[in-house]
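Engineer: Let me give you the structure first, and then I'll get to my questions.
Values in this text are rule-based calculations from the coordinates and carry no lab data. For clarity, every value in this text was computed on a predicted model and none was experimentally measured. Cβ coordinates were reconstructed from backbone atoms using ideal geometry, including for glycine residues, and neighbour counts include every protein chain displayed.
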2 protein chains.
Amino acid sequence: MAPPSAIEVLPETDTSTFTIPDRLTIQHIAKRRAASGKLIAGVAAAADVGAFKSRTHHLHKHLAKRWDHRLTDESKNRGGSSLKEAAKFLKQGGLISLGGGLPSSEYFPVEEISFKVPLLNTATEERHATLTAGKHDMIRGTSDFDLATALQYGQGHGSAQLLRWLVEHTELVHNPPYADWSCTMTVGNTSAFDMALRMFSKRGDWVVSEQYTFPAAVETAAPMGVRVAAVRMDEGGMLAESLDEVLCTWDERARGGPRPFLLYTVPTGQNPTGSTQSLQRRQQIYAVAQKHDLYILEDEPYYFLQMQPYTGPNAPDVPPPASHQEFLSSLVPSYLSLDVDGRVMRMDSFSKVIAPGTRVGWITASEQICKRYSVHADLSTQNPSGVSQMMLFKLLDEQWGHGGYLDWLIHIRMEYTARRNVILEACEQYLPREVVSWKPPVAGMFQWLRVEWTKHPDYPRKTLVEIEDELFHANMRHGTLLMKGSWFCPDKEVDTGKMFFRATYAAAPLEQIREAVRRFGAALREAFEMVALADGAA
Amino acid sequence: MAPPSAIEVLPETDTSTFTIPDRLTIQHIAKRRAASGKLIAGVAAAADVGAFKSRTHHLHKHLAKRWDHRLTDESKNRGGSSLKEAAKFLKQGGLISLGGGLPSSEYFPVEEISFKVPLLNTATEERHATLTAGKHDMIRGTSDFDLATALQYGQGHGSAQLLRWLVEHTELVHNPPYADWSCTMTVGNTSAFDMALRMFSKRGDWVVSEQYTFPAAVETAAPMGVRVAAVRMDEGGMLAESLDEVLCTWDERARGGPRPFLLYTVPTGQNPTGSTQSLQRRQQIYAVAQKHDLYILEDEPYYFLQMQPYTGPNAPDVPPPASHQEFLSSLVPSYLSLDVDGRVMRMDSFSKVIAPGTRVGWITASEQICKRYSVHADLSTQNPSGVSQMMLFKLLDEQWGHGGYLDWLIHIRMEYTARRNVILEACEQYLPREVVSWKPPVAGMFQWLRVEWTKHPDYPRKTLVEIEDELFHANMRHGTLLMKGSWFCPDKEVDTGKMFFRATYAAAPLEQIREAVRRFGAALREAFEMVALADGAA
């Protein structure tokens, strides 16, 4: 039991009626584009993100907090690429440049790229469209983006063409409540986290995160000498009172480092627990972040894997959202949408909703932070692949548009709902409830399974870690691979006293998910010396 | 004048007859592939680089030097991604994995990608081919690589499919003289340099480089607290005796940092000077590196922009290389090909020979260094874009093959030769030799132009930097942009006493290159108060 929290924690209530204030609509975006005219953005063009945001929506908003006092020397001293800045001289009319060392696009040995993509909700029989990018579509006037531009050098923030779409999408979904928010592209959230650490952390620092968290985050931080302090969780994710307690009781000497400044969290469909923070939970945690002046790294690859409610094995499914507005309103609000101070860097990814291999993501944060990020990108990762950017531009901007992408996200939502329902039904059918328990996840791709290891015949002769390892190998002997919960503990010294396994329902065919759960049940019954299920029995 | 060198420096002689010993041939690669059977490499497969190298070629070679004593804490402490390592359990037959959090490829909204690419040296009328990748070509047996794999998560070293080709190409061109060399992909040389610095450098360190060098390299190092010490150059690039002198006379106290360990160099078509180090020069510099135990970062984006000899304005052009072997033998050997110790990380890029927007490059170094690199990539940049990798695989492996790629490189060589000849002829026609001089570059995309600023009417009343700035703006007024030489000085305190401008012949149409040089000549004549050329006069 945690000691009483130092802050007032609101009780958690139903969040389903919350909507983002003044939400932008797809129609607004279309109007703004029409009013602002054709996008002119040639080779390595610097993008004016402000022009992609709705001005009227921002007039009443204040500016973000500045973070100069928290930036590392490395980040503060980044001046960006001087040669890229020499591009400012190119604006003079009639100028012939022998300046930039860019190869001529006539030597790009790719004349055209085509992408065959699905159509959703079409009236016709046609289920696919083929989208084609040529080398000189911009000169020909047939597209705002072409291969001569996409395959050329670019800016750290990515192409203006795709960035415009990302900014619009971000405003549509999150409408950040301060004026000077911005977006800049990344080569994925793992790289974004690496770069954020270099922006804000030095050797000896600590980051706070969930007591079970994404190991790659811990492993990214560790070589930089940055450690992860665990915050307790319940089924609704990180506990605000535990976060407050960790910070209030921080012992700089015992920890060998100052009180943490960065909070790293996966608020939705968290990896590995599958937990999703409710709106109230987010508000509570944000309040703790304000109290201790934390900066929040919101890692949200699973945000659009929020699912329909689970109704149980024999109840009818909940129909899909009836409109884009209903879909957007069904999403739990992001930290970004609550971020009145500009203390959130939201990391968005296409990995779970388009494909991981694009290696294109983006961050949303204050202009100051986005600028620190993009000048770093200019001198490290540069822009994400132009081939990937072209694929996403053709699909998201030219073919689907914002509405079509929401249709796709609704489709993915229903697919994941079906997959989650399959694993839950298999759990109910095959797992011995005496020793294993679980909750239906509302988002993400993970089913978190708690095993009552103290009922194991070897308890207390063997430790949790020993029994967990035996169960892992027992699963393997029965032909199924589940991840050990202990692999996800950032702070090996914190003993949760509980044992978990992580199962994903994202990838395997439905029949194999059922079979894998059946095998897990058989392995558990064997290990716990329980009566085996009869073949095919429930 | 430099003091006498502490090492014996060999005189420079003709290098045209040097060939890489025991050079692998394209026929060998084809045989090895046939013998090793089909490449089986599924989702995020770990690649066995050793299997892509010729065993017989390596039997007599020794192992690379180890660099444990030089690796940073960050690099030494990188364990890689534990979740990716859990993939080892997947080898068990019949296993159903609910382990890895990978999305199902059925939710990748791209069914097919096609690339229209040029064909070279074809017997038929057809000048282009369209290469198509489908989602499940590997299961269907129609390709070694497909979209279900390329668009999925990958390994830090990139896909086995493309990596195989890169390893073969590297052996074909460089045949590194130690046994345990390896390759791993990068998201480009800028990122590779950033990651190399984090592997080997700490705040306060110095890197040695050319006295005129790539500003982005200096700007990548500066925020990390790493400074660049200038080594003098002549028309053949960095001077070995100057490098030795800098290291022998290093004053740790005056410099505020230890003697440099990293040598960063662009040996071929150097940016900005266009200089190319001869084989002898490279041997001399390598000997200095051995003497002082330096590690060499060989940045080689322009390696394949080596050109045919310049024959002068009215002499017949030199015909293209008659065979692949003749082409390969015409290339000045790389540091990698001389690297008996394993003290070179070669950074290769497709930016100048395919397209910058691919954001795919690779390094070649010892296994130890490649492993340090790829475990960092696993937790930052991850793999390069799968869409880019697929484009390169289809083009380079499935369509062109190694021979076809060499044909393409010969084509590029002849194109750059023609461009270089145009700028040289324009220089001869339009520039006042009294105040400007130049040498024909043998590689790269830059013409380096020396201006005799001491002949300027304002000398000595104005400084070099002032006169350089006036000339820059005079050029702009005449409608041409050239880069200031001083922008490329890493060490602002070293006064070379010389003034240069950099012009590139890579990008502008040929007629505009001529016109830009004419304008530069007019600007110089005006600034130096010389008689203007009559219209159209030579």
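Engineer: Would you mind calculating the relative contact order of chain B from Cα pairs under 8 angstrom and at least 6 residues apart, reporting the percent as a whole number? The partial results should precede the final answer.
Structural biologist: Working: 925 pairs, mean separation 100.2, N = 538.
Over chain B, the number comes to 19 percent.
Engineer: If you plug each phi of the stretch A:184-198 into the Karplus form 6.51 cos²θ - 1.76 cosθ + 1.60 with θ = phi - 60°, what whole-Hz ³J(HN,Hα) values come out, in order, with x for Gly and Pro?
Structural biologist: 8, 6, 10, 9, x, 5, 5, 5, 4, 5, 4, 6, 5, 4, 5
Engineer: What average count of beta carbons from other chains do you get within 10 Å of the Cβ of residues in A:211-224? List each step's numbers first, then the result.
Structural biologist: On the way: counts 0, 0, 0, 2, 6, 9, 1, 2, 11, 6, 1, 5, 12, 5.
Mean shielding count: 4.
Engineer: Which parts of the stretch A:162-191 would a label at A:Lys65 reach, counting a residue when its backbone N lies under 14 Å from a point 7 Å out along Cα-to-Cβ?
Structural biologist: A:178
Engineer: Follow-up. In chain A, if the dipole is taken from +1 on Lys/Arg beta carbons and -1 on Asp/Glu beta carbons about the Cα centre, which of A:Met345, A:Cys427, A:Cys489 is farthest to the positive end?
Structural biologist: The Cα lying farthest towards the positive end belongs to A:Met345.
Engineer: What nm distance separates the two modelled labels at A:Lys31 and B:Ile40, each placed 7 Å from Cα along Cα→Cβ?
Structural biologist: Reported label-point gap for A:Lys31 and B:Ile40 is 6.0 nm.
Engineer: Rounded to the nearest Å, what's the spacing between the alpha carbon centres of the stretch B:175-212 and the stretch A:208-268? Just the number, please.
Structural biologist: Each part reduced to its Cα centre gives a spacing of 33 Å.
Engineer: Loop only per DSSP, at most 10 neighbouring Cβ atoms within 10 Å: give me the GluC sites (Glu not before Pro) in the stretch B:222-318, ordered by residue number.
Structural biologist: Working: sites: B:Glu235, B:Glu241, B:Glu245, B:Glu252, B:Glu298; in loops: B:Glu235.
Of the GluC sites (Glu not before Pro), not one in the loops of the stretch B:222-318 has a Cβ with at most 10 other Cβ atoms within 10 Å.
Engineer: Placing the label point 7 Å from Cα along the Cα-to-Cβ direction, what are the distances from B:His69 to the equivalent spots in the other copies, shortest first, in nm to one decimal?
Structural biologist: 4.5
Engineer: Here is a further query. Identify all aspartates and glutamates with a Cα-Cα distance to A:Lys498 below 18 Å; exclude those on the same chain that are fewer than 8 residues away in sequence.
Structural biologist: A:Glu210, A:Asp234, A:Glu235, A:Glu434, A:Glu452, A:Asp458, A:Glu466, A:Glu468, A:Asp469, A:Glu470
Engineer: Can you flag which of A:Lys53/A:Lys371; A:Lys439/B:Lys91; A:Lys352/B:Lys135; B:Lys31/B:Lys65; B:Lys88/B:Lys135 are past 28 Å Cα-Cα? Walk me through the numbers before you get to the answer.
Structural biologist: Numbers: A:Lys53/A:Lys371 17 Å; A:Lys439/B:Lys91 31 Å; A:Lys352/B:Lys135 17 Å; B:Lys31/B:Lys65 31 Å; B:Lys88/B:Lys135 25 Å.
Flagged as over cut-off: A:Lys439/B:Lys91; B:Lys31/B:Lys65.
Engineer: Quickly rank B:68-77, A:486-495 as a protection proxy: mean count of other C-beta atoms within 10 Å, highest first. Working shown, then result.
Structural biologist: Details: B:68-77: 13.8, A:486-495: 15.8.
Ranking the peptides B:68-77, A:486-495 by packing returns A:486-495, B:68-77.
Engineer: Using alpha carbon centroids, what distance separates the stretch B:334-387 and the stretch A:373-441, in Å?
Structural biologist: 30 Å
Engineer: Next up: On full extension of the chain, what length is gained from B:Arg477 through B:Lys439, given 0.36 nm per residue of separation minus the C-alpha to C-alpha distance? Each step should come with its number before you reach the end.
Structural biologist: Values: separation 38, 0.36 × 38 = 13.68 nm, distance 2.62 nm.
My answer for the length gained is 11.1 nm.
Engineer: Compute the Rg to Rh ratio over the stretch B:418-527 from the alpha carbon atoms, using the Kirkwood formula for Rh, and round to two decimal places.
Structural biologist: Details: Rg = 13.5 Å, Rh = 14.2 Å.
Looking at the stretch B:418-527, the ratio lands at 0.95.
Engineer: Give a quick list of trypsin sites (Lys or Arg not before Pro) in the stretch A:406-442 that DSSP marks as loop, anything other than H, G, I, E or B, with at most 15 other Cβ atoms within 10 Å. The partial results should precede the final answer.
Structural biologist: Values: sites: A:Arg413, A:Arg419, A:Arg420, A:Arg433; in loops: A:Arg433.
Filter output for the stretch A:406-442: A:Arg433.
Engineer: Here's something else I'd like to know. For chain A, give the magnitude of the charge dipole about the Cα centre (Cβ charges: +1 Lys/Arg, -1 Asp/Glu; no others), in debye to the nearest 20.
Structural biologist: About 1080 debye.
Engineer: Another question about this same structure. Obtain the nm distance between the two label points defined at B:Thr463 and B:Asn314 by a simple spin-label model: each point lies 7 Å from its Cα along the Cα-to-C-beta direction.
Structural biologist: Distance between label points: 4.6 nm.
Engineer: Determine the gain in length on full extension of the stretch A:Arg232-A:Asp73; use 0.36 nm per residue of separation and subtract their C-alpha separation, reporting nm with one decimal. Each step should come with its number before you reach the end.
Structural biologist: Details: separation 159, 0.36 × 159 = 57.24 nm, distance 3.23 nm.
Difference between extended and current length: 54.0 nm.
Engineer: Kindly write out, for the stretch B:389-394 in residue order, the coupling ³J(HN,Hα) from the Karplus curve 6.51 cos²θ - 1.76 cosθ + 1.60 (θ = phi - 60°), rounded to whole Hz, with x marking Gly and Pro.
Structural biologist: Listing the rounded values in order: 4, 5, 4, 5, 4, 4 Hz.
Engineer: Using only Cα atoms, find the angle between the long axis of helix A:160-174 and the longest principal axis of chain A, and express it within 0 to 90 degrees, rounded to the nearest 10.
Structural biologist: Approximately 50 degrees, to the nearest 10.
Engineer: For the stretch A:376-385, just list the computed ³J(HN,Hα) in residue order, Karplus coefficients 6.51, -1.76 and 1.60, θ = phi - 60°, integers in Hz, with x standing in for Gly and Pro.
Structural biologist: Values, residue by residue: 5, 4, 3, 10, 8, 6, 6, 7, x, 2 Hz.
Engineer: Let me ask something additional. How many angstrom lie between the Cα centre of the stretch A:64-134 and the Cα centre of the stretch A:442-485?
Structural biologist: If you average the Cα positions of each part, the centres end up 47 Å apart.
Engineer: Using Cα-Cα distances under 8 Å and only pairs 6 or more residues apart, what relative contact order does the stretch A:415-527 have, in percent?
Structural biologist: On the way: 143 pairs, mean separation 44.0, N = 113.
That works out to 39 percent.
Engineer: Run the label-point distances for A:Leu90 please: 7 Å along Cα to Cβ, every other copy, nanometres, shortest first.
Structural biologist: Distances to the matching label points in the other copies: 4.1 nm.
Engineer: Using only atoms on other chains, find how many Cβ atoms lie within 10 Å of each Cβ of peptide B:346-357 and report the average.
Structural biologist: Details: counts 0, 0, 0, 0, 0, 7, 4, 4, 6, 14, 12, 21.
What the average comes to for B:346-357 is 6.
Engineer: Place the label 7 angstrom along Cα→C-beta at B:Glu470 and in each other copy, then list the distances from the first to the rest in nm, shortest first.
Structural biologist: List, nearest first: 8.8 nm.
Engineer: Moving on to the next point. Counting DSSP beta bridges in the stretch A:415-527, what percent are antiparallel, to the nearest 5?
Structural biologist: Working: 10 of 10 bridges.
Approximately 100 percent, going by the DSSP bridge assignments.
Engineer: Roughly how big is the protein assembly as shown's charge dipole about its Cα centre, with Cβ charges of +1 (Lys, Arg) and -1 (Asp, Glu), in debye to the nearest 20? Numbers along the way, then the final one.
Structural biologist: Details: 114 positive and 126 negative charges, 92 e Å.
That gives the protein assembly as shown a dipole magnitude of about 440 debye.
Engineer: Based on Cα positions only, what radius of gyration and what Dmax would you give for the protein assembly as shown, in angstroms?
Structural biologist: 30.2, 105
Engineer: What value, in deg cm²/dmol to 500, does the helix sum -39500 (n - 2.57) over DSSP H runs of n ≥ 4 give at 222 nm once divided by the residues of chain B? Mind showing how you got there, number by number?
Structural biologist: Working: 19 runs with 183 residues, N = 538.
One gets -10000 deg cm²/dmol as the mean residue ellipticity at 222 nm.
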